[in-house]
Each structure stands twice: as C-alpha cells, then as structure tokens.
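Written out below as structure tokens is the structure these notes cover.
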Amino acid sequence: AVPTMRATTAAPAPLRVPAGPHAQHARTRTNRVRTRASAAPFYTPATDYVAQKSMLEVGVRTPPLGLGLAALGRPGYINIGHDADIKGKSMDEMREHAHETLDAAWAMGVRYFDCARSYGASEEFLSSWLRSRDIPRDKIVVGSKWGYTYTADWKIDTAGQAHEVKEHTAENLAAQFPQSSELLDPYMRLYQIHSATKSSGVLKNKEVVAELSELKATKGVRIGLTLSGVEQGDTLREAMEVTAPDGTPLFDCVQATWNVMEQSAGPALLEAKKAGMEIIVKEALANGRLSSRNPNEGVLPVMEALRELASDFGSPPGRFDSFVYKADSAAIAIAMLQGFQPMVLSGAATPHQIRSNAGALTLLKYLTNAGDAAEGRVNEILEMARQDPAAYWAERAELTWN
C-alpha cells in the first residue's frame, strides 16, 4: 500500500508545536560559524522557521535533517558523480573540504552527524571540526558505527579488493568502540551495528549483545543498528526482539534505506516507531540515482515529478522565496513526511549539496500545510517511483567506487 500523508493526523511530529508548559515557537538556534561555506544568506532556505524534534532523549533538539559522512571521509565512494565532488584527494585537502561542508550543514541548522569506522577518516574529520569550532556538547548529536573496517588505504582503484571488510564479532566491537570513543567523546550519543543482517548472525551473538548492553549501561550511549538489502524489514523485526539482561529492548534506534524508489522497509519502520525506536533514513537520494547524474533515462519521469512538486509547493505564485527548491529537496521532504517520522540523512559531499538538501526542511512545512493537495501529488510520486526491492538492490550493487 502507498503510505498516506494527512496534514492533521499523519504529518510528522516535528511540524507541531509541543503542548503544555514547554510550548514555544519552534525556531532553529543556529550558533553560526563564520566561514565561506556559511556566508551565503541569499542561497539559504528558511530553515530557522522549521520546528525541531527531540532526538534519542539526550536533551538536544534538531530539525529532521542530519548529515552522513560516508561521502566525505574517504576519496572513493559509490555515489554517482562522487569523484567530481571531491577535487583534492589528499588527507589534508579532504579534511578541509569536509570541514567546509560541515560548516555549511551547521549553518543550515543540522545538528545530527553520522559517521562510521569504515568511512575512511570520517570520525577524525568530524572530531577535528567539533573541536576547532568549539561546538557545545548540548547542541549536537553524533552517531557512529562499528562492524566494518576501512581497507582501501586511501585509494579509489583497489584492483578489485574490497574497500571495507565486514566483521560482526565481539572482538571487533571491543576493538572499534574505543577507537570511536577516543575521537568522538563526549559528543557520541549513538553507537550502531553497521549493516546488520540476519545472515551475519550478529543479532543472535550473545557476546555481542552482552557487550552492547554493557556499553549502553556504563558509557551512556544509545544502541542502534543500520540495515541494508532486501531483508531490511525482517532484520528490523528480529532486532526488536533482542533484549538487554534487564529485559528491556536493546536497540534504541534503527537506520534504514528508504526513498521513493525503495519503500519496502516502511511497514517495519512504522512498527519500530510505535515501539518507541528512533528512526533514521539513509540514502534518500538513492546514492545519486535520484539526481540528474543518473544516466538511466527510466528515472526521468520521477525526476520531473519531483522537480514539479518542489517548484509548485516551494515557490507558488504570490510567495516570495529566493531559494530554488529542486528535486533533491522534494525527495528528502517526502521521506520526512512518512508516518515513522524519521531523521533523514543528507549524503552531501559539498557545501552546495547540503544547502540544496536543506531546502527539504522548509518544503516539508509547505507540503504539510497544503494538506490534501500535496498528499495527492506525493502519493502519485510514490506510486510511479516504487521499484521491486530485489531489482533496486541489484542495481545498487552495480554502482562503482569513484
């Protein structure tokens, strides 16, 4: 069934001002960093009028847009056109580029940042940015992941060797958590199993479960898992049954792929949300397949529908808004509109991309306020764009590192 959007009942909680004594006009407090990346007010969407959500119950409020560093922490990645985004490939050049993109994200109001041990130097880049900008701990949420090791040795062409190697063992968890913690404490609030699958057996590994439970109890981090592949829903349902020694659910958060092409995880994500889990959506732009860079002409009708949605509801006649809402804003806003109320990660690799992606925050408000008129258009896009999950993941597997 096509997920429905109702402005009064199924619209995401972030768009509602909370009731009770703490009610206030929800505005993003941006503590702007003065850099070239953020000094472009004429290009900035009005994200300061977007209501915020409380994430992971750690006392930080954030808009429902985060930044994932998969494309920023290493010279090679599978996103279409990644090579063109990263001009300088040395460690120092990429660190500076990552900092500029992080500055732009911060200026857009982004307060959740997501990295991993296997994303090259992503944790080090984020760590050095946090400290050089003196970001207050109570204004930001950082998540990282364990389970994969980066093995590309800062190369793009690895002569057929894997860029990252998976190992979901208690020994690897014991080795990788201190590495993440050393770089990211005291900012790290979320630690996730990277791409958990049923076949890996990690959810049934008693030693891993015990160690994660201990980290949750003693280190104050929330525990999550990320999903990938056609069995996302089944894996999530299995994870929801995993408990800590005290009988409480182990997992506080799940990060899954959901976009207008790959919607199959939606029902399980709704179940997880109702059970109290935080939901993070990754790959909302399908690794660049929902972009003008995709050479597959079959996606052109979807891209045109997304562009029209962004234009019609972002800049209708009679409303002055200097920001140009594009297809990426629409695709991300549609993910935000889902009933499981996710934090949606931007996979931006440049300051320009994160600014464009951030248009989703204001477009989200416009779409919600439009009610049934927007609902019908969104459902049309969901219907026309949906792919068979097996075909989607097979196509993703063919994306090349660049």
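Solvent-accessible surface of the chain, averaged per residue with a 1.4 angstrom probe and all protein chains in place: 41 square angstrom. Does the chain come out rounded, prolate or oblate by the C-alpha gyration tensor, with a ≥ b ≥ c the root eigenvalues, rounded set by a/c under 1.5 and, if not, prolate when a/b is larger than b/c and oblate if not? The shape class here is rounded. Our Cα-only numbers for the stretch 356-402 put the radius of gyration and Dmax at 15.3, 42 Å.
Projected label points at Asn296 and Asp372, each 7 Å from Cα along the beta carbon direction, are separated by 3.5 nanometres. For the chain, the membrane-span-like helix rule (DSSP H, alpha carbon extent of at least 27 Å along the helix axis, mean Kyte-Doolittle at least -1.0) picks out 351-370; this says nothing about an actual membrane. Potential lengthening of the chain between Ala275 and Ala217 amounts to 18.8 nm, from the contour at 0.36 nm per residue minus the alpha-carbon distance. For the chain, the antiparallel share of DSSP beta bridges with both residues in that region comes to about 20%.
Here the dipole of the stretch 357-402 is about 220 debye; that uses its Cα centre as origin and unit charges on the Cβ of Lys and Arg (positive) and Asp and Glu (negative).
Nonpolar atom fraction for the stretch 131-282, defined as the carbon and sulfur part of the 1.4 Å probe accessible area, stands at 49 percent.
Taken about its Cα centre, the stretch 85-215 carries a charge dipole of about 420 debye when Lys and Arg each add +1 at the Cβ and Asp and Glu each add -1 at the Cβ. Structural descriptor for the chain: relative contact order 22 percent, calculated from alpha carbon pairs under 8 angstrom and at least 6 residues apart.
Per-residue ellipticity at 222 nm computed for the chain from its helices equals -11000 deg cm²/dmol, with DSSP H segments shorter than 4 residues left out and the rest contributing -39,500 (n - 2.57). About the Cα centre of the chain, how large is the charge dipole given +1 on each Lys and Arg Cβ and -1 on each Asp and Glu Cβ? Please answer in debye to the nearest 20. It comes to approximately 1200 debye.
Stretched out straight at 0.36 nm per residue, the stretch from Thr243 to Ala397 would grow longer than its current Cα-Cα span by 52.2 nm.
Spin-label pair Glu57-Thr158: with each label point 7 Å from Cα along the Cα-Cβ axis, the two points sit 3.8 nm from one another.
Candidates Gln192, Gly376, Gly73 compared by Cα position along the dipole of the chain: farthest toward the positive end lies Gly376, with charges placed on Cβ.
The values are calculated or read from the model by the stated rules, or taken from the named source; none is laboratory data. All values reported here derive from a predicted model rather than from experimental measurement. Here Cβ is always computed from backbone atoms with ideal geometry, including for glycine, and neighbour counts include all displayed protein chains. To get the accessible areas, we keep the full protein, side chains included, count just its heavy atoms, and leave off ligands, DNA and RNA. Shrake-Rupley method; radii C 1.70, N 1.55, O 1.52, S 1.80 Å.
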